[in-house]
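The values are calculated or read from the model by the stated rules, or taken from the named source; none is laboratory data. Computed from a prediction, not measured in an experiment: that's the story for all the values here. Side chains are part of the model used for accessible areas, which takes the heavy atoms of the whole protein and leaves out ligands, DNA and RNA. Shrake-Rupley method; radii C 1.70, N 1.55, O 1.52, S 1.80 Å.
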Amino acid sequence: MKKLLSLALAAALGLTLAACSSGTATVPNTSTAPTENSTAPAGDTATGSGVEDGVLTVGMECAYAPYNWTQMDDSNGAVPIKNVPGAYANGYDVMIAQKICEENGWELEVVSTAWDSLTPSLQSGTIDVAIAGQSMTADRMAEVDMAGPYYYAQIVCLTTKDSAYAAATSIADLAGGKCTAQTGTIWYDTCLPQIPDAQILTAAETAPAMVMQLQTGSVDFVCTDLPTATAAASKDDSLVVLNFSGTDGDFQFATEEERAENVNIGMSVVKGNTELRDAMNNVLSAMTEDDFNAMMDQAIAVQPEV
């Protein structure tokens, strides 16, 4: 099964790259999902929602548990991956996408899309929306419009129970350690550099690759968000989550607004597609933080070992 999953993921990345060319700690600011008011630049507005055919085409890595993953059957409500025959997608992102589709009477279609290809795929029209665990940063929202938040994350570190860093109570206690995070994330670009004398290795292409570097001893710890770390630890009892949230030893941001934009996880649509953005926000606004957390717990509970 593990070999089949590896082959499926490799095929997904290959097909995605051929078809098309891009996480964090605070008390959630609301219990509902506000509407973003992005303004599309002149000449860069969407001409329709993209769902005129009744099909919502969603891009996600299908390799970023518990947000999304690949499995080889339709158990626990998994849906087929359009560009990976015989493979199915599941996870928190799939569950949220299914709810949005149910509320709007749409059919859900999932396309496996490499992390760095999510925005190019939106801009080329390959996908209608990226629902892939993306934080709602100012840099990202300069390129796309975003619905959400659909989850509030926290920045944590993940290490092994026998590590010298297992008892760390602040980022200062991680000084000098070898570390990494997933490429294109706030964890790698902003958080790891805050650790004194950190030996920051090349960024991992995917979340599973990041965790594997920890499990094989290539790094002492990794930086990620709480759901990703919790899911990894639930499948490997040698791992331990280091959560400094709410303490003076936590990762720091210039302002609370900057911190908030990095904990808010949103859904990307092409600039100017207010119709689709608002339709998704209408569904999210009826959900509370507790609803989001319960759904994430469900995703973690059914996540397969890969």
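Just a few scattered comments:
- Accessible area per residue for region 182-280 is 39 Å², calculated with a 1.4 Å probe on protein heavy atoms, without ligands, DNA or RNA.
- Rounded accessible area of residue 275 (nearest 10 Å², 1.4 Å probe): 120 Å²
- Computed with a 1.4 Å probe over protein heavy atoms only, the accessible area of residue 99 comes to about 70 Å².
- Relative contact order [Cα under 8 Å, 6+ residues apart], region 203-287, whole percent: 11 percent
- Ellipsoid semi-axes for region 44-192, based on the Cα gyration tensor and the rule √(5λ), read 32, 19, 13 Å when sorted largest first.
- Region 109-182-region 241-302 distance, computed between alpha-carbon centres (Å): 11 Å
- Binned Cα-Cα distances of region 197-259, short to long, each 5 Å bin given as a whole percent: 3, 14, 24, 22, 19, 12, 4, 1
- 3J(HN,Hα) couplings calculated from phi for region 191-204 with the Karplus curve 6.51 cos²θ - 1.76 cosθ + 1.60 (θ = phi - 60°) are, in sequence order, 7, 4, x, 7, 7, x, 6, 4, 8, 8, 7, 3, 5, 7 Hz; Gly and Pro show x.
- Each part gets one Cα centre, and for region 199-222 versus region 44-85 those centres are 27 Å apart.
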